[in-house]
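The values are calculated or read from the model by the stated rules, or taken from the named source; none is laboratory data. This is a predicted model, so every value here is computed, not measured. FYI the Cβ positions are ideal-geometry reconstructions off the backbone, even for glycines, and counts take in every protein chain you see. Heavy atoms of the whole protein, side chains included, go into the accessibility calculation; ligands, DNA and RNA do not. Shrake-Rupley method; radii C 1.70, N 1.55, O 1.52, S 1.80 Å.
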Amino acid sequence: MAAAANTDLIAARLFRLSIGVFFVGGFLSSLISLFVPRMTLVYGLDYARALLVQLAFHLSYLLFALPIGMTIIRIGYMRSAVVGLTIMTLSCGLFLWSHGLHSYALLLFSLLSLSAGITFLQIAANTVVAVVGGAGGAASRLNLLQAFNSVGTVAAPLVGAAFILKSPTAARHAALMDIAPPFLFAICVLATLALAFLLHRNLLAPVGSAQPAGVRMDWTTLLADRRLVAGALAIFAYTGAEVAIGALLVNYLVQPQIFGIGSVAAARLVSLYWAGAMIGRLCGAFAMRRLSPAIMLMGAAVGAALLTLLAATVQGIGAGLALLAVGLCNSIMYPTIYVLALPADPRLATPGATLLCMAVVGGAIVPLLTGMLADQLGLAASLALPAGCYLGVAAFARRCRGSGF
């Protein structure tokens, strides 16, 4: 009884520490998305070249997930969080410096580095929250933490739009200060969290989760797990669709046939897209105590596909509202797919999480393909690709519901 109570206290403390991690991760992801409309509307780049921002930001999930996963196995979850937060802190500083130098190549490199730090947190934080505290409430806990992630994604466009989407200043020092305030805030939060996790680096030792025993990257076993592989494909599709829509939403809303408003006002409206995800995750965290996660996931994915197709085929305020409403459908997708796909064997949790994290590279590939379609066919028509991705997520949920794996 005492051991169970101790485990509950550790899980509660871990949850409180994780709130800040999920918040700042969402804040930075949403802030970086604003650089796509900055590149198109302020600097005049085409969609494909502007979406290199998302390519650089999400490519590290494929490039670095495997060595990062092996590092987490070696040094444990809490120390891995310290490493990830430190990398993110330094990368934000490098991002500001590259912007001050007007170096697009260095800016893209800093995004790749920032994403590497986030990859540490994606694998370590998501997995440890799912493992510590019992599997029964894992989906609910992750959805609740993802709600704090959504608080960050809502705050970023509200705070950052006025800095990132205003006309650039010619002087290098002034140009740096144009975008600096939201990133300086992120640096302070990241540094504080890194210190907090460092002070709690031995938190999980009593429950034996700091360094999972007997864990190795057994690709034969992982790839033989059909549910895990299908879940990785679902995360690829979901992440790609969410990032593509989030990155192009400002460009979509400013069109005369949609809302016809300025870029800063449109960027602030994007907060509604992320607010939908926040509200949905809060509601989903409690609803999943009574409803099947697979059924909820299938309904959300079908709803997202229909709303995206509506935005692709009609015009006017209704079309803009439909695309903003996709955020509500996105709300429960990532944490629910993650929990449904993660292997039940604790020894396969971190390797499985590594594979799932690698699938987040969909956020690099699908937006770039969507941008290429937008350049060729128009922005509205390009939304058919994210809609198809959501149908793929619905197919995964249907298989889980019917125990088709």
For the chain, with a Gaussian network of springs between Cα atoms less than 10 Å apart, report the residue from Thr127, Thr308, Thr220 with the top mean-square fluctuation. Thr220
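Relative to the present Cα-Cα distance, how much length would full extension add between Leu321 and Arg226 at 0.36 nm per residue of separation? Let's see the in-between values first.
Working: separation 95, 0.36 × 95 = 34.20 nm, distance 3.69 nm.
Contour length minus Cα-Cα distance gives 30.5 nm.
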Leaving ligands, DNA and RNA out of it, report the carbon-plus-sulfur percent of the accessible area of the stretch 280-405 at a 1.4 Å probe. 68 percent
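Counting only protein heavy atoms and using a 1.4 Å probe, what share of the accessible area of the stretch 8-56 belongs to carbon plus sulfur, as a whole percent? Provide the component values of the computation, followed by the final result.
Details: 980 of 1590 Å².
Roughly 61 percent of what the probe reaches on the stretch 8-56 is carbon or sulfur.
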Can you give the accessible area per residue of the chain, in Å², using a 1.4 Å probe? 38 Å²
Label-point gap, in nm, between Ala205 and Arg401 - each point 7 angstrom along Cα→Cβ: 4.7 nm
Where labels lie 7 Å past Cα in the beta-carbon direction, separation of Arg74 and Leu377 in nm: 4.5 nm
Per GNM of the chain with C-alpha springs under 10 angstrom, the most fluctuating residue out of Ala105, Ala116, Ala304 is Ala105
With r defined as the distance between the Cβ atoms of Asp46 and Leu9 and R0 fixed at 41 Å, what FRET efficiency is calculated, to the nearest 0.05? 0.15
Semi-axes of the equivalent ellipsoid for the chain, Cα gyration tensor, largest first, Å: 33, 25, 18
Simple spin-label model, 7 Å along Cα-to-Cβ: His102 to Leu306 in nm? 5.0 nm
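Suppose a student asked you for the relative contact order of the chain, using Cα pairs under 8 Å spaced at least 6 residues apart; what percent would you report?
Rounded, it is 27 percent for the chain.
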